[in-house]
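The structure appears right after this line, and notes come after that.
The values are calculated or read from the model by the stated rules, or taken from the named source; none is laboratory data. Please read all numbers here as calculations on a predicted model, not as lab measurements. All Cβ positions, even for glycine, are placed from backbone atoms using ideal geometry, and neighbour counts span all protein chains on display. When the accessible area is computed, the model is the full protein with side chains, heavy atoms only, and any ligands, DNA or RNA have been set aside. Shrake-Rupley method; radii C 1.70, N 1.55, O 1.52, S 1.80 Å.
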Amino acid sequence: MPKAAVIGAGTMGHGIAELFAIAGYEVALVDVAGEYLKRALQNVEWSLKKFAEKGQIKEDVQTILSRIKPVVNDVCRAVEGVEIVVEAVVEDIEVKKKVFSEADRCAPPNAILATNTSSLPITEIAEAVKPERRPLVVGMHFFNPPPLMPLVEIIKGKYTSDETVKKVAEYAARLGKQTVVVNKDVPGFIVNRILARVNEAACWMVARGEATIQEVDSALIYKAGLPMGAFILMDFTGIDVVCFIGDAMLRRGFKSHPCPLIVEKCQQKKFGVKSGEGFYKYPAPGKFQWPEVPKSAGDRIDVSYLLAPAVNEAAYLLREGIATREDIDKAVKLGLNWPKGPLELADEIGIDAVVKTLEEWRQKTGYEEYEPDPLLREMAAKGKLGKKTGEGFYTYVKAEEKKLETLIVRYEPGIAWIILNRPERLNAISPKMVEELWKVLDEIEQMDYDKVRVVVITGTGRAFSAGADVTAFMGATPITIFKTSRKLQMLFERIESLDRPVICGLNGYTLGGGLELAMSCDFRIAAETAELGQPEINLGFIPGAGGTQRLPRLIGRDRAKELIFTGDRIPAREAERLGLVNKVVPADKLEQELRSFANKLAEKPPLALAMAKYAINFGLEAPQWAGMMLEAAQFGILFSTEDVIEGVSSFLQKKKPQFKGR
Ligand code: COA
């Protein structure tokens with residue numbers, strides 16, 4: 001039986017020993033006192049039983065458990081005949097050095113000596129062993145709890161050989177872990193550095209009175225899609241641990257300014273869940289309960305503001321050759337359970353926007369760590385702005401743009417942008433624009449879901465659209481007006497029945513036919529400066545492209561009458577209150593919001609989106625029972641798709657689904 005040794009039987013140590021035992025190793029588990037070892041084995045047994053209940057281990061609990069051999073205070077005996085030693089003792093350099101020198105003395109000459117340290121220099125630890133052994137000393141950083149967290153960071157010290165890194169990756173794979181390589185022994189490696197930036201940003205926003213704890217956490221959870229908000233996560237991990245790791249990183253040269261709110265909690269010993277109170281209150285010490293964080297709390301928070309410092313850190317790690325872009329993103333996705341890595345997020349936010357945000361941070365705080373990394377500046381200068389230009393940290397299918405007479409059409413990966421482009425006429429909808437919109441919608445519907453999954457319609461200049469072009473009305477006969485009206489109505493119905501979601505971005509005036517167009521979209525996101533209305537009454541006529549039908553359905557009969565009878569323009573916020581727009585954002589953030597919402601929808605199964613859209617749009621027009629039948633039929637049809645298999649199997653395998661629209 002292959003042999004391994006784990007030194008230190010605390011939370012990390014016993015978890016690592018359990019992994020080796022499951023993988024078929026005989027593991028010597030060492031600690032200074034028998035009682036620690038007894039408790040450790042009880043914990044391992046409990047964890048193994050959980051795995052057994054879920055059918056996740058092949059052997060029975062006692063067989064696996066019997067492979068762990070407790071050893072009291074004798075590193076030398078424990079490491080006899082082992083292939084690998086993993087040290088997980090207290091984070092004290094002297095203690096670690098002692099363990100390493102002892103292990104070096106007694107382990108076979110080719111045994112790997114790994115440390116699970118999260119805060120101490122690997123190189124200094126390596127210097128406690130004989131020079132011949134130093135190439136075999138390496139960092140092997142597990143995440144808590146080791147049996148469940150899928151990631152191991154492998155850290156190279158000054159002496160670590162490539163061969164050792166390769167071997168440790170193989171060991172980790174045998175333990176069922178995925179690995180990333182950290183080429184330089186920087187404090188915090190990858191995951192803790194990125195996490196520290198998010199925690200600091202979150203904390204400083206609150207400390208400076210720019211947001212509340214709930215607002216920040218809500219934005220991180222509901223807008224960025226992180227599994228926990230920064231404050232909940234700190235409470236969950238233990239704020240004492242956050243302070244400890246933060247201090248250690250700071251002492252080793254990590255540029256940062258500890259945020260007073262975190263420091264205060266540590267001084268007050270309000271460590272989070274373990275003490276019953278941290279940033280939130282819990283029912284009892286050690287008892288976690290999700291704090292109340294309403295989804296709407298984060299509405300006004302710009303998540304890119306919270307994430308930009310993490311992106312800056314990731315750019316630093318990449319530029320310095322500390323890790324590859326793939327490993328940086330992978331580490332954060334697996335170690336922190338983010339849906340996307342920081343570099344992938346940066347490409348979505350836009351590198352120019354990230355630089356701008358960091359400059360804002362730098363200026364507000366005066367802190368050097370917010371200075372945009374030279375790599376980001378260089379990318380911004382070269383126009384490598386991320387998804388929107390086809391190249392950022394990753395390469396994307398290049399955005400294609402074409403200019404028609406009245407429209408600009410841009411194809412970005414997954415998103416078609418239709419931009420109304422008659423700014424001098426406030427994007428008034430002319431017969432030519434109607435014709436071009438038809439054509440573009442036809443073109444999009446013919447396209448594969450690989451290319452376009454979501455359509456965004458917005459405008460250039462001061463208006464989304466100030467309505468149908470009234471100059472076309474001059475001298476028209478009742479019958480031509482009737483036909484024009486029908487044509488617009490049919491165009492808007494086409495949007496309602498398009499087989500993919502359409503988002504309207506209301507960048508300014510959204511009046512008359514402009515509002516009627518917007519109401520046919522599946523979602524409306526408005527700039528704070530937008531104004532909406534049906535002003536036709538002021539010209540002596542009425543809305544003729546669906547306004548009298550869609551507006552009452554959206555906001556109710558009497559509110560609709562108020563808008564249509566008075567012809568008044570209302571500001572975006574008022575429209576939001578009435579339910580006429582889904583969301584209002586600062587004008588300079590509109591494009592970013594549209595893109596991030598479109599990208600979110602683009603990850604969903606396209607056929608299911610289409611079916612949901614049909615069931616809602618057509619079902620609502622039918623008696624409820626007919627709508628129900630439609631819903632059931634659409635539901636049934638989806639079970640002929642590959643996407644359903646992908647969705648359900650990914651859920652069971654706890655991985656992210658990749659929908660193809662097939
Ligand atoms: N059809 C044709 N042209 C239009 C238009 C429309 N619906 N809306 C605006 N324009 C033109 C204006 O005539 C003006 O052209 P000009 O420069 O040749 O004079 C240009 O767009 C800029 O508009 P202007 O009125 O000068 O801008 P403003 O900032 O003073 O006012 C509005 C903006 C939106 C309040 C105003 O243009 C307006 O009320 N437009 C009509 C809205 C309407 O009734 N729509 C329903 C039509 S069915």
>> Could you list, ordered by first residue, the pairs with Cβ atoms under 9 Å in which the first is in the stretch 636-662 and more than 22 Å from Val454 (Cα to Cα) and the second is open to solvent by less than 90 Å² (accessible area, probe 1.4 Å), at least 6 apart or interchain?
In response: Val648/Pro657; Ser649/Pro657; Ser650/Pro657; Phe651/Pro657; Lys655/Ser649
>> I'd like to check something: does the stretch 294-315 contain any residue that is surrounded by fewer than 16 Cβ atoms within 10 Å (Cβ to Cβ) and on the phi > 0 side of the Ramachandran plot?
In response: no
> Quick check, is Lys600 assigned to a helix (DSSP H, G or I), at pLDDT 95 or above and of a type in the set (D, E, K, R)?
Replying inline: no
>> Condition check: open to solvent by less than 60 Å² (accessible area, probe 1.4 Å), in contact (Cβ under 8 Å) with a residue 24 or more places away in the chain, touching a helix residue (DSSP H, G or I) at 6+ places or on another chain (Cβ under 9 Å) and within 13 Å of the ligand (Cβ to nearest atom). Does Leu498 satisfy that?
In response: no
>> Under 9 Å between Cβ atoms, which residue pairs at least 6 apart in sequence (or on different chains) link something in the stretch 60-85 that is within 21 Å of Arg174 (Cα to Cα) and assigned to a helix (DSSP H, G or I) with a partner that is open to solvent by 50 Å² or more (accessible area, probe 1.4 Å) and among the β-branched types (Val, Ile, Thr)?
In response: Ile64/Ile22
> Is the stretch 537-550 home to any residue that is open to solvent by less than 10 Å² (accessible area, probe 1.4 Å) and away from the ligand (no atom under 11 Å from the Cβ)?
Replying inline: no
>> Considering only residues that are in a helix (DSSP H, G or I), β-branched (Val, Ile, Thr) and crowded, with 19+ Cβ neighbours inside 10 Å, which ones fall in the stretch 91-112?
In response: Val99
> Which numbered condition trips up Met433, out of (1) within 16 Å of the ligand (Cβ to nearest atom); (2) open to solvent by 10 Å² or more (accessible area, probe 1.4 Å)?
Replying inline: (2)
> Within the stretch 557-573, can you find the residues that are touching a residue at least 40 places away in the same chain (Cβ under 8 Å), assigned to a helix (DSSP H, G or I) and open to solvent by 60 Å² or more (accessible area, probe 1.4 Å)?
Replying inline: Arg573
> Given the structure, is Ala518 crowded, with 17+ Cβ neighbours inside 10 Å, more than 21 Å from Glu435 (Cα to Cα), modelled with pLDDT of 95 or more and within 16 Å of the ligand (Cβ to nearest atom)?
Replying inline: no
> Which of the following residues is touching a residue at least 40 places away in the same chain (Cβ under 8 Å) and either on the phi < 0 side of the Ramachandran plot or touching a Phe, Trp or Tyr at 6+ places or on another chain (Cβ under 9 Å) (or both): Glu435, Glu445?
Replying inline: Glu445
> Looking at Arg39, is it over 37 Å from the mean Cα position of the chain (by Cα), within 20 Å of Ala173 (Cα to Cα) and not aliphatic (A, V, I, L, M)?
Replying inline: no
>> Take Gly246 and tell me if it is on the phi > 0 side of the Ramachandran plot and either open to solvent by less than 30 Å² (accessible area, probe 1.4 Å) or not polar (S, T, N, Q) (or both).
In response: no
> Does Leu601 satisfy the condition of being in contact with a Gly (Cβ under 6 Å, 6 or more places away or on another chain), in contact (Cβ under 8 Å) with a residue 60 or more places away in the chain and of a type outside the set (Ser, Thr, Tyr)?
Replying inline: no
>> Quick check on the stretch 524-534. Is at least one of its residues in a helix (DSSP H, G or I), out of contact with any Lys or Arg (no Cβ under 8 Å at 6 or more places or on another chain) and within 16 Å of the ligand (Cβ to nearest atom)?
In response: no
> Can you name the condition, by its number, that Glu621 falls short on among (1) surrounded by fewer than 18 Cβ atoms within 10 Å (Cβ to Cβ); (2) at pLDDT below 95; (3) under 33 Å from the mean Cα position of the chain (by Cα)?
Replying inline: (3)
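Matching residues to (1) among the polar types (S, T, N, Q); (2) free of Cβ contacts under 8 Å to residues at least 12 places away in the same chain:
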site	(1), (2)
Gly272	no, no
Gly276	no, yes
Trp290	no, no
Gly298	no, no
Ser304	yes, no
Asn312	yes, no
Ala323	no, no
> Of (1) part of a loop (DSSP other than H, G, I, E, B); (2) surrounded by fewer than 14 Cβ atoms within 10 Å (Cβ to Cβ), Ile57 satisfies all except one. Which?
Replying inline: (2)
>> I'd like the full set of residues that are open to solvent by less than 40 Å² (accessible area, probe 1.4 Å) and over 20 Å from Ile495 (Cα atoms), limited to the stretch 593-618.
In response: Glu593
>> Being in a loop (DSSP other than H, G, I, E, B) and within 10 Å of the ligand (Cβ to nearest atom) is the filter here; which residues of the stretch 454-491 pass it?
In response: Gly461, Arg462, Ala466, Gly467, Asp469
> Among the numbered criteria (1) open to solvent by 60 Å² or more (accessible area, probe 1.4 Å); (2) away from the ligand (no atom under 11 Å from the Cβ); (3) closer than 25 Å to Gly556 by Cα, which single criterion is violated by Lys451?
Replying inline: (3)
>> Quick check on the stretch 248-305: of everything there that is more than 30 Å from Glu360 (Cα to Cα) and of a type in the set (Ser, Thr, Tyr), which residue is farthest from the chain's Cα centre (by Cα)?
In response: Ser275
